[in-house]
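Colleague: Dumping the structure here so I can ask a few things about it.
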Number of protein chains: 2
Amino acid sequence: MTLYLAPLYEDVKPLLIAIDCIIFGVQDAKMKLLIFKREVEPLAGSWSLLGSFVNFEESVDEAAERILFELTGLEDIYMEQLHCFGAVNRDPGGRVVSIAYWSLIRVDQSHLEFNVRTHESKWISIDAIPELVLDHREMVEMAISNLRERARFKPIGFELLPQEFTMVQLLKVYEAIFDHPIDNRNFRKKLLKSGLLIPLTKKDKSTSKKGSFLYKFNQETYSKLSREGYSFGF
Amino acid sequence: MTLYLAPLYEDVKPLLIAIDCIIFGVQDAKMKLLIFKREVEPLAGSWSLLGSFVNFEESVDEAAERILFELTGLEDIYMEQLHCFGAVNRDPGGRVVSIAYWSLIRVDQSHLEFNVRTHESKWISIDAIPELVLDHREMVEMAISNLRERARFKPIGFELLPQEFTMVQLLKVYEAIFDHPIDNRNFRKKLLKSGLLIPLTKKDKSTSKKGSFLYKFNQETYSKLSREGYSFGF
DNA sequence: TCAAAAGTGTTTCAGGTACACCCATGG
DNA sequence: CCATGGGTGTACCTGAAACACTTTTGA
């Protein structure tokens, strides 16, 4: 265990730094969370968030991306740093400070299933979170309120949908995030006015006989509104 | 350098964890930031945020409070965790991950001057931040936008004022936070309606011949609105 | 032809914003 | 008596919320 240290840093005791990922997705019009069977002692076999340690030669953000990638195979994912959890005894295995991140993924992404299947995992509904190891439940609760707060002013709902999607799908995502029904007409009105959607001529006929028009994001308006903030209060 | 570790944690390389504090206060109707001459190598002598390391036997939050207390003598301060900064080479002295916190203090607090004076420090206006060591400038910028965001929905303006204050003082605090002028009448109207203020019968005559009424916070409404959120968008 | 989902406008109300003058007092 | 800062009310406008029926089409 060797650390390069400036002379005056030498008497500082180092700590372990871990990452924990709160992975959200929408399934069956419900907000879901991906959890894993913990494979390392202590507490192996309990349900847990996806987590691991930060390596010495990578940044904390890189570590978060790596850990998410290693287990889900997903890259370029919407990911936000949530909070640093640093209670002294939060991990019985040692003095571990954890940086929690939350991310949004499109559940339909096909390669997800494959990578995840090698580990025991499951999607759970965020309104019925089972017991989780350590302080993971606290992390999840903070992440949920962070997600909702963020979703009110940044158009992140799109991160949960495929490239092309219908108005109804988008509405259902927001209903899932905020966990309450949203008025159909007001929703359409507001989103069409926002300029976030580019209407396509294609229709998706998988859910109705009439079929419903597909849209894609206007990436430009998206980044503009992400920066400036836009009220999605429904 | 000894760490108690569960067997499977043994091959993890530990890192140093530091705290950096972004300390805001209002002076002369301007938002100010407290900075310090750095006393340790590397980079001793440059301007820096207040910072130090997390001890092995204290939580990260406790460390932040301790560090703020040691240098300013202030306790029970509004303090919020900002972000974990974890770039690999952010500190030339070693691999140091820093957890940044920002806090709001009442500049008039008399004991502050005393404690701070033993170290070289100064208040600077947030629209003219000088060069700071490491990534401290980035921290400050993130803290400012975090502060503004927070101030829009949580009544934190009060944290910057003494127990009893005038409407004009409160207005000036918000003008300082948002850095733009606010309409006097609309401001009063909204705040009086909010129930956050308890009007006193006393007047402060220090700034005008007529004198202006003093108010104090309604702690109950304050915590209620802190929880629920309240739009302070001016 | 009918069941099932998609799509469409108007009215109401609350809150935000803009704006200009009188008041009280000490010097 | 006047200069200085404190205090007050109204009109307008925008955006949010509530609300019910018509359209399309495959089975």
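Just so you know, all these numbers are worked out from the coordinates, no wet-lab data involved. Bear in mind the structure is a predicted one, so any value in this text is a computation, not a measurement. Using ideal geometry, Cβ is built from the backbone for each residue, glycine included, and neighbour counts are taken over all protein chains shown.
Colleague: So which residue, out of B:Lys30, B:Lys210, B:Lys154, gets the largest mean-square fluctuation from a GNM of chain B using Cα contacts under 10 Å as springs?
Modeller: B:Lys210
Colleague: Related question: Just want the ordering: A:Thr221, A:Thr166, from fewest to most Cβ atoms lying within 10 Å of their own Cβ.
Modeller: Numbers: A:Thr221 16, A:Thr166 20.
So the ranking, lowest neighbour count to highest, is A:Thr221, A:Thr166.
Colleague: Follow-up question, since we're still on this one. Tally the DSSP beta bridges in chain B and give the antiparallel ones as a percent, rounded to 5.
Modeller: Values: 30 of 39 bridges.
So the antiparallel bridges in chain B amount to around 75 percent.
Colleague: Okay, next question. What list of whole percents do you get for P(r) of the protein assembly as shown, with Cα-Cα distances grouped in 20 Å bins up to the one holding the largest distance?
Modeller: Per 20 Å bin, starting at zero, the Cα-Cα P(r) for the protein assembly as shown comes out as 21, 50, 27, 2 percent.
Colleague: Roughly what % of DSSP beta bridges within the stretch B:15-152 run antiparallel, to the nearest 5? Show your work: numbers first, answer last.
Modeller: Values: 23 of 32 bridges.
Once the DSSP bridges in the stretch B:15-152 are tallied, antiparallel ones form about 70 percent.
Colleague: Eigenvalues of the Cα gyration tensor times 5, then square-rooted: what semi-axes does that give for the stretch B:79-234, in whole angstrom, largest first?
Modeller: Numbers: eigenvalues 222, 74, 41 Å².
Those come to 33, 19, 14 Å.
Colleague: Could I ask something else about it? What distance in nm separates the two pseudo spin-label positions at B:Lys216 and B:Ile129, each 7 Å out from Cα along the beta-carbon direction?
Modeller: Going by the 7 Å Cα→Cβ label model, 3.6 nm.
Colleague: What shape does the stretch B:15-152 have by the C-alpha gyration tensor, where a ≥ b ≥ c are the square roots of the eigenvalues, rounded means a/c under 1.5, and otherwise prolate means a/b greater than b/c and oblate the rest? Mind showing how you got there, number by number?
Modeller: Working: a/c = 1.34, a/b = 1.30, b/c = 1.03.
Rounded shape, in that the Cα axes give a/c under 1.5.
Colleague: Then there is this: Using Cα-Cα distances under 8 Å and only pairs 6 or more residues apart, what relative contact order does chain B have, in percent?
Modeller: Details: 352 pairs, mean separation 47.8, N = 234.
Over chain B, the number comes to 20 percent.
Colleague: List the distances, in nm and shortest first, from the label point of B:Leu200 to the matching label points in every other copy, placing each point 7 Å from Cα along the Cα-to-Cβ direction.
Modeller: For B:Leu200, the other copies' label points sit at 6.4 nm, shortest first.
Colleague: Here's something else I'd like to know. Report, in listed order, any pair from B:Lys32/B:Lys154; A:Lys30/A:Lys193; B:Lys172/B:Lys205; A:Lys32/A:Lys193; A:Lys172/B:Lys224 with a Cα-Cα distance greater than 22 Å.
Modeller: A:Lys30/A:Lys193; A:Lys32/A:Lys193; A:Lys172/B:Lys224
Colleague: Here's another thing I want to ask about it. Give me the inter-chain shielding for A:91-97: mean count of other chain Cβ atoms within 10 Å, whole number please. Could the numbers behind the result be given before it?
Modeller: Numbers: counts 2, 1, 8, 9, 9, 5, 9.
Partner Cβ neighbours, averaged per residue: 6.
Colleague: Still on this model: Please state, rounded to one decimal and in Å, the Kirkwood hydrodynamic radius that the stretch B:153-234 gives when every pair of distinct Cα atoms enters the mean of 1/r. The partial results should precede the final answer.
Modeller: Details: mean 1/r = 0.0762 Å⁻¹.
Every distinct Cα pair counted, the radius reaches 13.1 Å.
Colleague: Here's a follow-up. Using a 7 Å offset from Cα along the direction of the beta-carbon, what are the separations from B:Asn184 to the same position in each other copy, nm, ascending?
Modeller: 5.2
Colleague: Output, in nm with one decimal and in ascending order, the distances from the A:Glu75 label point to the matching label points of the other copies (7 Å from Cα along Cα-to-Cβ).
Modeller: The answer, with the shortest distance listed first, is 5.2 nm.
Colleague: Could you line up B:Lys189, B:Lys216 from fewest to most neighbouring Cβ atoms inside 10 Å?
Modeller: Values: B:Lys189 11, B:Lys216 15.
Fewest-to-most Cβ neighbours within 10 Å comes out as B:Lys189, B:Lys216.
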